[in-house]
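The values are calculated or read from the model by the stated rules, or taken from the named source; none is laboratory data. Note that the structure is predicted; figures quoted are calculated from it, not measured. Every residue, glycine as well, gets a Cβ built from its backbone with ideal geometry; the counts of neighbours run over all protein chains shown.
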Amino acid sequence: QSTLTSTSKDAYPDWKPGEPVPYAALCTTFSKIEMTTKRLEILALCAAFLRQVLRLTPEDLLPTVLLMIGKLAADYSGIELGIGESLIMKAIGETTGRSLKIIKEDQQKIGDLGLVAAKSRQNQPTMFKPKPLTVRGVHEGLMKIATVEGQGSQQRKVDGIKKLLSSADVSLAKGQTVDINKDKGGPSESKFIIRALEGKMRLGLADKNLQVALSHAIVAHEVSKDGKKVPTEADLKKGEEVFKSVYNELPAYEVIVPALLKGGIWNLHETCKLQPGVPLKPMLAKPTKSIGEVLDRFEGKDFTCEYKYDGERAQIHFVAHDAGQEFAATEAPKEGKSDRGVSNIFSRNSEDLSKKYPDILAKLPTWVKEGTMSFVLDCETVAWDVEKKHVLPFQQLMTRKKKDVKTEDIKVKVCVFAFDLLYLNGEALVNKPFRERRDLMYGALEPVEGEFAFAQYGNTREIEEIQTLLEDSVKASCEGLMVKMLDGVESHYEPSRRSQNWLKVKKDYLSGAGDSLDLVVLGAYYGKGKRTSVYGAFHLACYNPEKEMYETVCNIGTGFSEVLLNELYETLSPLVIDRPKPFYDHSMGKNDQPDVWFEPQYVWEVKTADLTLSPRYRAASSGFGSDGTHKGVSLRFPRFIRVRDDKKPEAATSSKQVAEMYRAQETVGKEKKTGVDDD
Ligand code: ATP
């Protein structure tokens, strides 16, 4: 079955052309999506709905798309939901007149705040019939909730939630009931509003699926304008490719959707291009176990070995005043404005880092050679010892304040190491060979000691020379090497991809310890003996982006100092929740429950001796426990390394990566050649 089969059917009959998209219509589709796990069905339902939006109310396409993926705006805007449970419960109570005690009891019993809200609305007598919710209204309402700041903002958030909830489920209020025990609670609007507020829609509708569904809907819509009934598979495939390649360079529905509506999909390459101001998702690397593996992988090809700096990924965007082009979509921050031009700096997650690194933005114009009009540069910022003139450990960088940094107060100086150029003087370079991109980078920018440098590298295929480079990189306080293809299509920059064409060789791998994992803290156990007043061990999980679930992977109690445990208690105890979230996939075993559960917020880097299968954990269990054994991958002898403040929970090590690590280890155990599949 393809998305074609249902594109001709309307997903929701009671909405007239030109009318704002009814939120109830979207929730009906969500509910159908929720009832299936089949990817093609999910895509078909989603595409059919988007097609109806295109036909009836195209001006609502953008808010519809955003609500489908549970976002309010592109990542770089910094606007996001993820409202804590206590505020949501308060709002449900105040809207429905039920006491907080009863809401909490319900939450204890049901375990899903969305269903608690649906149930609370259902039992509520209504005096008057509120106006039904619309997609644009819900998007606007959520936006207000996400962006209120300052004094009294918590209460204003609660008020915003109340406003939405009191107009939700009008039909339920009329007496039609939805059984929360059936069909996962059905198309209840309250349920999906709460999920949006929690920041997890759990529909299996990740960004990648939406890109496919939207491109299919647009293709079908355009083909129907030409009088054809349905597009061919080839039309759909072509549309999908166009959309994905544009989105990779410009991951912003705010820019793409208006362009699609105006110029259609076949012109999208022309109307939407990589632009300074809109960060693209960084290319990521695959781990390798040995230099020998690198040589096997890149056999017969030219490659380069760069130092792998241990700091924070930074994507720097710049446009000169006289470039004759705009800093697109986003306004450059005041820190990024200079006589020379405008600039900004984005994190690995596309967050705006201008308030963290005003010092970098202030110095940047001095690194730009004359004639360089605009660029996007991929870099690592590293803490720098000004006197001894060398790189400092990652931990030093993490002591810098994250926001509202004043240049005069900065204690930890940073040096920027650039390793790739993605855009230069009005032209995207991502589809050029790396050798060429690197040459252009050297031609466009000027190193300044202790401020800006190019990543050190060596182009060699000799194992001894690579070994020496690796040792030198470690002496220079780097983590190891990044090995990259130099020529041909394989050396193109692949945004958002964990690619075979970038391999990381960390010094730790060579001692057999393997790559570390970045895991989310979901729960904790109180300590024993001296540690009874703080947490002594923690329950950690990896992330499954397809399912939007955190899957438990280990308990950890090693690697923490007393001081650190005290600090962790301070930061984690405000995040305690009454019971695990419905998007935590954890063992139900009586002995496997931590003493407390947390909101998912912190990511920790953890090392492990090896990986094993265990019925107590759920990581990657859909791959390993499908034979009925219900086993997940888990870590043996995990050890805490550091808090990863630069990673959001969704950027934690994925279940797929955990499965790959487990399989690679198994193969090594059997002394076969390892092979890591591409994502
Ligand atoms: P992941 O690869 O899962 O994102 P991570 O964020 O922990 O994991 P690493 O596994 O340490 O990252 O390796 C990739 C990171 O190394 C890049 O995201 C970048 O921040 C950093 N890095 C340092 N030097 C380089 C370089 N020369 N080329 C590319 N990346 C580099």
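The residue that is nearest to the ligand (Cβ to nearest atom), among those in the stretch 350-382 that are closer than 19 Å to Lys648 by Cβ and out of contact with any strand residue (DSSP E or B) (no Cβ under 9 Å at 6 or more places or on another chain), is Glu351. Screening Leu284, Leu295, Leu274 for residues that are within 20 Å of the chain's Cα centre (by Cα), away from the ligand (no atom under 13 Å from the Cβ), within 24 Å of Val489 (Cβ to Cβ) and not small (Gly, Ala, Ser) leaves exactly one candidate, Leu274. Taking the conditions exactly as written (at pLDDT 95 or above and assigned to a strand (DSSP E or B)), does Ala383 satisfy them or not? Yes. Considering only residues in the stretch 303-334 that are out of contact with any strand residue (DSSP E or B) (no Cβ under 8 Å at 6 or more places or on another chain) and among the aliphatic types (A, V, I, L, M), the one that is nearest to Ala428 (Cα to Cα) turns out to be Ala328. Scanning the stretch 303-334 for residues that are of a type in the set (Ser, Thr, Tyr) and under 15 Å from Gly480 (Cα atoms) returns Thr304, Tyr307, Tyr309.
Considering the stretch 315-342, the residues that are assigned to a strand (DSSP E or B) and of a type in the set (A, V, I, L, M) include one that is farthest from the ligand (Cβ to nearest atom), namely Ala320. Counting only strands (runs of 3 or more DSSP E) that fall entirely inside the stretch 501-608 and contain at least 1 residues that are within 16 Å of the ligand (Cβ to nearest atom) and buried (at least 21 other Cβ atoms within 10 Å of the Cβ), the qualifying elements are 517-526, 535-544, 549-556, 603-607.
Residue-by-condition table, conditions (1) in a helix (DSSP H, G or I); (2) touching a residue at least 12 places away in the same chain (Cβ under 8 Å):
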site: Gly204; (1), (2): no, yes
site: Gln211; (1), (2): yes, yes
site: Ala217; (1), (2): yes, yes
site: Ala220; (1), (2): yes, yes
site: Ala234; (1), (2): yes, no
site: Glu240; (1), (2): yes, yes
site: Ser245; (1), (2): yes, yes
site: Pro251; (1), (2): no, yes
site: Ile256; (1), (2): yes, yes
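Looking only at residues in the stretch 625-646 that are modelled with pLDDT of 90 or more and basic (Lys, Arg), the one that is nearest to Ser347 (Cα to Cα) is Arg644.
I'd like the full set of residues that are surrounded by 17 or more Cβ atoms within 10 Å (Cβ to Cβ) and under 14 Å from Gly488 (Cβ atoms), limited to the stretch 436-447. So that I can check it myself, show each step before the final result.
Narrowing the stretch 436-447 to residues surrounded by 17 or more Cβ atoms within 10 Å (Cβ to Cβ): 437-438, 440-441, 444-445.
Of everything in the stretch 436-447, just one residue is surrounded by 17 or more Cβ atoms within 10 Å (Cβ to Cβ) and under 14 Å from Gly488 (Cβ atoms), namely Arg437.
When Phe394, Phe454, Phe417 are screened for being modelled with pLDDT under 95 and of a type in the set (Phe, Trp, Tyr), only Phe394 passes. The number of residues in the stretch 406-427 being surrounded by 19 or more Cβ atoms within 10 Å (Cβ to Cβ) and more than 16 Å from the ligand (Cβ to nearest atom) comes to 2. What pairs come up if the first residue lies in the stretch 457-474 and is within 11 Å of Ile291 (Cα to Cα), the second is at pLDDT below 90 and not small (Gly, Ala, Ser), and their beta carbons are under 6 Å apart, counting only those six or more places apart or on different chains? So the pair list comes out as Ile463/Ile291; Ile466/Ile291.
Out of Val483, Val430, report the one residue that is away from the ligand (no atom under 13 Å from the Cβ), buried (at least 20 other Cβ atoms within 10 Å of the Cβ) and either in contact (Cβ under 8 Å) with a residue 24 or more places away in the chain or not in a helix (DSSP H, G or I) (or both).
Val430
When every residue of the stretch 300-314 is checked against the conditions, none turns out to be under 20 Å from Cys415 (Cα atoms), surrounded by 16 or more Cβ atoms within 10 Å (Cβ to Cβ) and either more than 16 Å from the ligand (Cβ to nearest atom) or without any contact (Cβ under 8 Å) to a residue 40 or more places away in the chain (or both).
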